[in-house]
Structure formats: C-alpha cells, structure tokens
Amino acid sequence: MTLLEALIDGYIEASTWAKEDHFQMATAKVLDALAAYNLLAWFHASPNVYRRALQANRVKAMRAGALGKKLGVKAGVFDCIIYSHKLAIELKQPKGYASQDQKDWAELATHWGWTCIVAKKAEQVIAALADKKILGGINYGEV
C-alpha cells in the first residue's frame, strides 16, 4: 500500500467528522496528495473562512463582505473546485443540504459541462474522483 492509498483509506475510515470544517480539511489533505502526484489540479473557493474569521466584529465582517463582492466573490460556489477534471464538490454534514445559491451555481456549472456533487461522506468524494478517472490505478477499495 502506498502512502496515498493509506491516506485515502484513513480518510474513508474517519468519515464521521464533528464539523464540516474537519471534513473540508481532510478532503483538502487527500486532494493535495493527489495533486502532488499530478493527478489533478484544484482549489478551495469558499468565502466562509473569511466570514468566520470576522464573526466577532460585525462591522468588519460587513465591510469584508462588501469588498468580497467588489472583488468577484460569488454566493453558492462549491467548496472544492477540481478544474483539471471539471468536477465541483460541495461538502456537507450528514443533515446538511445545498442552499438555493449552491443549487443555482451547480445548475450553471452543469450547463458548462461540469460535474457537481454534494458529498456528505468521504465515500461520495472518492466515488466522484473514481468516476472522473482521477484515481487511475490507485487501489482505493470498494466505494
């Protein structure tokens, strides 16, 4: 088993996270590892990290939100954008659901040939990566 296979196995085994942020961090670790193998190119596009950092100060948060809009931040953009394979993944807790902005964004992205999924478990992320042939010959087990 390679380090990458072990990372993916660990990702699937630990797929019950207390917070969506933990799911995002674990997913980022897997996507970064795949990127290191030149299997994909990706980025995280969610503006939530800025909003959370500013929650303590409402005035600064409002200014940051206004600035973000001027800079082109869009509501509804999915969490993980794998632009090398036209795959967008929105991560949610088991009881979470896509917002209307996210549904609208996914509809537009799908129109342009993207695959968009809302994942509540690591297995769904791995299945999407497998469907896009990103995992290649990597042994990732039954999904």
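When G136 is evaluated against the numbered criteria (1) loosely packed, with under 13 Cβ neighbours inside 10 Å; (2) on the phi < 0 side of the Ramachandran plot; (3) at pLDDT below 95, which criterion, by number, is the only one it fails?
The number of the failed condition is (2).
Do the conditions hold for D104, that is, is it of a type in the set (D, E), closer than 22 Å to E13 by Cβ, at pLDDT 90 or above and surrounded by 13 or more Cβ atoms within 10 Å (Cβ to Cβ)?
No.
For residues in region 1-37 being out of contact with any Cys (no Cβ under 9 Å at 6 or more places or on another chain) and of a type in the set (S, T, Y), which is modelled with the highest pLDDT?
Checked region 1-37; the qualifying residue modelled with the highest pLDDT is Y37.
Could you check, for region 38-61, whether at least one of its residues is part of a helix (DSSP H, G or I) and either surrounded by 18 or more Cβ atoms within 10 Å (Cβ to Cβ) or at pLDDT 75 or above (or both)?
no
Just to check your reading of the model, which residue among A98, A127 is modelled with pLDDT of 90 or more, assigned to a loop (DSSP other than H, G, I, E, B) and closer than 15 Å to C80 by Cβ?
After ruling out the rest, the residue left standing is A98.
For region 115-135, indicate whether the set of residues that are of a type outside the set (A, V, I, L, M, F, W, C), touching a Leu at 6+ places or on another chain (Cβ under 9 Å) and more than 18 Å from N38 (Cα to Cα) is non-empty.
yes
When the residues of region 64-95 are filtered to those that are assigned to a helix (DSSP H, G or I) and small (G, A, S), which remaining residue is surrounded by the most Cβ atoms within 10 Å (Cβ to Cβ)?
Residue satisfying both the conditions and the ranking: A64.
The values are calculated or read from the model by the stated rules, or taken from the named source; none is laboratory data. Since we're looking at a predicted model, the values are computed, not measured. Cβ coordinates were reconstructed from backbone atoms using ideal geometry, including for glycine residues, and neighbour counts include every protein chain displayed.
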